[in-house]
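The values are calculated or read from the model by the stated rules, or taken from the named source; none is laboratory data. The structure presented is a predicted model; accordingly, all values stated were derived computationally and were not measured. As a convention, Cβ positions derive from the backbone with ideal geometry for all residues, glycine included, and neighbour counts pool all protein chains shown.
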Amino acid sequence: MLKLVIPKGSLETQTLRLFEEADLRVIRSSERDYHGRIDDDRIERVSLLRPQEIPVYVQDGLFDLGITGQDWLAETGADVEVLTSLAYARSGTGHGTKVALAVPTDHPANSAKEMPPGSRISTEFERLTQRYFDDLGIDVHVVWSFGATEAKVPEIVDAIVDVTETGSTLRAHGMKVIETLMTSEPVLIANRASAGDPGKRAAMDDIVTLLLGALRAEGRVLIKLNVAAASLPAVLEVLPAMKSPTVSSLQEGGHAVETVVDKSQVNRLIPLLKARGATDILELPISKIVP
């Protein structure tokens, strides 16, 4: 039913992992294959293309559904519907990336508004950069970059606009970030005509539910335990929960308790629960959380 396109490159591994966790595993003949399939009748075919191209292809109806970055939506100005943000795990590529203006460390400017008129700026984000400086009223010369953007400073250009997460790569090349033009997350986008079709829209909504469910479960586990009635208040006092723990009475006396917690808390939480009277403590993985 749906033609889906997902990003090739830096977001590829994490996107494929997310789809697998959402029970929408992309099957390809090899890692180099640009096309695949998902064993789900809601998805007709899958392609992997550069995120720079995806907004326009979805806008033009070549695909019903796609994943790209907010930065490339801003750059292309594509007329699509954003179904949801997909804030990938903080430990992975794509979360909170910045489109940043960087100059050599000895450059006098410490912000975009201090850039001298006539400055040459190399970037893949030509339109975004030009609009930003037009809004500042500074006449700069924006130069298209085909890659290795940071290598062109200072011999070829005065500054660059590039994607960064921590700025460490730019600093390693003797540069400093002086302005963040925008922060970008991956987003799931849809062709407007496809999103207006009732059948396709229902399939899109299902996919959003599965992807967000898998994202919410990342880094979380289910904790189950038993506890005597006298120890229950002490256990609940230290037990985190998404809303509140589930407490059930046991036939033989006492209570069964379960809750969802961050995986990062477990190494301290389990000994603490045991010290407060919890027994039969289980830690179980979670694949999806759907509110």
Which number in (1) in a loop (DSSP other than H, G, I, E, B); (2) over 29 Å from V82 (Cβ atoms) marks the one condition that K176 misses? (1)
Extreme residue, farthest from the chain's Cα centre (by Cα), among residues of the stretch 95-113 that are among the aliphatic types (A, V, I, L, M) and either loosely packed, with under 11 Cβ neighbours inside 10 Å or assigned to a strand (DSSP E or B) (or both): V103
Residues to consider are V163, V157, V153, V142; find the one that is hydrophobic (A, V, I, L, M, F, W, C) and closer than 30 Å to F19 by Cβ. V163
Take the conditions crowded, with 22+ Cβ neighbours inside 10 Å, outside the structural domain of D162 (by TED's automatic domain parsing) and not basic (K, R) and apply them to D60. Does it pass? no
Of residues in the stretch 146-173 being in a loop (DSSP other than H, G, I, E, B) and modelled with pLDDT of 90 or more, the one surrounded by the fewest Cβ atoms within 10 Å (Cβ to Cβ): I156
What number of residues in the stretch 63-82 are over 18 Å from R127 (Cα atoms) and surrounded by fewer than 19 Cβ atoms within 10 Å (Cβ to Cβ)? 2
Yes or no: I189 part of a strand (DSSP E or B) and in the same structural domain as A22 (by TED's automatic domain parsing)? yes
Of those in the stretch 179-211 that are of a type outside the set (S, T, N, Q) and touching an Asp or Glu at 6+ places or on another chain (Cβ under 8 Å), the residue surrounded by the most Cβ atoms within 10 Å (Cβ to Cβ) is I189
I'm checking my understanding of the structure. Among residues of the stretch 236-265 that are part of a helix (DSSP H, G or I) and surrounded by fewer than 13 Cβ atoms within 10 Å (Cβ to Cβ), which one is modelled with the highest pLDDT? E237
Scanning the stretch 211-228 for residues that are at pLDDT 95 or above and either outside any helix (DSSP H, G or I) or farther than 30 Å from T15 by Cα (or both) gives V221, L222, I223, K224, L225, N226, V227, A228
Give the stretch 269-287 a look and list any residue that's at pLDDT 95 or above and hydroxyl-bearing (S, T, Y), or say none. T279
Could you list, in sequence order, the residues of the stretch 240-278 that are over 17 Å from E218 (Cα atoms) and hydrophobic (A, V, I, L, M, F, W, C)? V247, L250, A256, V257, L269, I270, L272, L273, A275, A278
The stretch 114-139 residues that are in the same structural domain as V157 (by TED's automatic domain parsing) and part of a helix (DSSP H, G or I), paired with ones that are of a type in the set (S, T, N, Q) and surrounded by 14 or more Cβ atoms within 10 Å (Cβ to Cβ) (beta carbon under 8 Å, 6 or more apart): R127/T76; T129/T123
Can you tell me how many residues in the stretch 1-58 are assigned to a loop (DSSP other than H, G, I, E, B), of a type in the set (D, E, K, R) and farther than 24 Å from A87 by Cβ? 6
